[in-house]
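Every number in this text was worked out from the coordinates using simple rules, so none of it is lab data. Computed from a predicted model, the values in this text were never measured in an experiment. Every residue, glycine as well, gets a Cβ built from its backbone with ideal geometry; the counts of neighbours run over all protein chains shown.
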Amino acid sequence: MVLRLDDDNETIALEKAELALADARRKVQRYERLASASAISEVERENAQSELSSAILAEREAKIALDYRTIRAPFAGVMGISNVEAGDLITSSTEIASIDDRSRLKVEFRIPEKYAAMVAIGDEAIATTPSRPGETFTGSVSALGSRIETDSRTLVVRAEIDNADDQLRPGMSFLVELRFPGEKLVAVPALSVQWDKEGTYVWRVTDGKAERVPVQIVERNNTTTLVTGGVRVGDTVVQEGVQRLRAGGAVADVTADAADAAPDSTARSQPSG
């Protein structure tokens with residue numbers, strides 16, 4: 001039960017209906033005895049039965065009216081702070097309180113269009129939240145949008161996160177991770193990627209000579225850049241001294257300790273992974 005409305009009138013109406021029902025039952029019992037002794041007509045006996053049926057319905061209606069004065073939650077859950085006080089006037093549109101079933105949380109998020117065909121209901125979803133740093137929460141995809149949103153070119157995904165120990169709360173922000181089998185990309189040092197009017201490129205070292213290789217950036221952070229293009233896993237790329245390089249120029253691989261004293265014709269290189 002969430003709350004009970006003022007029900008004095010309904011309580012009185014139910015008490016009256018119960019009294020009327022008791023009277024009707026006694027009348028029927030009396031008339032049945034009289035009818036068996038042929039002291040009343042069959043019509044009078046049937047009228048008494050009809051009055052009893054009406055009294056039963058009247059009592060049922062009074063019980064329903066009284067029950068309507070009690071507001072119950074539509075499902076089991078946790079109720080928040082009530083927005084009403086005793087004596088307040090409420091209507092069918094009054095917001096009384098919020099009720100949440102926190103056993104499983106529904107989290108909606110969007111994924112890029114390119115992954116729309118890869119996600120499926122039942123896929124594992126791993127969620128983290130700033131409210132619980134260092135912890136991960138596992139759930140699964142429970143629903144997918146029916147179309148790609150044209151303004152963002154994304155697909156709406158809903159995941160349900162298990163919350164049996166009640167650590168999470170509705171309204172929290174989450175970072176949700178879905179894992180897809182993706183293409184393998186080459187990782188190169190961030191400093192090795194260069195730009196000019198012709199595009200993005202790296203310097204690859206082949207037989208001790210510099211070779212310019214065009215690449216396309218897929219993702220980058222402060223230390224590593226994922227690229228596609230001509231560079232392959234195991235290739236050695238130059239990450240320092242790139243401004244002095246020319247195609248076909250000799251490249252000497254130096255150690256970090258010798259870098260500061262290296263001449264202009266040398267550069268530090270590193271294998272791509």
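A few notes on this one:
- Lysines with Cα under 22 Å of residue 63, excluding same-chain neighbours fewer than 8 positions away: 16
- When 92, 98, 36 are sorted by how many other C-beta atoms sit within 10 angstrom of their C-beta, beginning with the fewest, the order is 92, 36, 98.
- When the helices of the chain are scored as -39500 (n - 2.57) per DSSP H run of n ≥ 4 and the total is divided over every residue, the value at 222 nm lands at -7000 deg cm²/dmol.
- Crossing angle, helix 42-67 versus the chain [Cα axis fit, 0-90 degrees, rounded to tens]: 30 degrees
- Given [x] 2.12; [y] 0.96; [z] 1.00, the label whose value is Cα Rg over 2.2 N^0.38 Å derived from this model: [x]
- In the chain, the longest principal axis of the Cα atoms and the axis of helix 8-36 are about 40 degrees apart.
- Residues 174, 109, sorted so that the one with the fewest Cβ neighbours within 10 Å comes first: 109, 174
- Contour excess over end-to-end distance, with Cα ends at residue 29 and residue 82 and 0.36 nm allotted per residue: 14.0 nm
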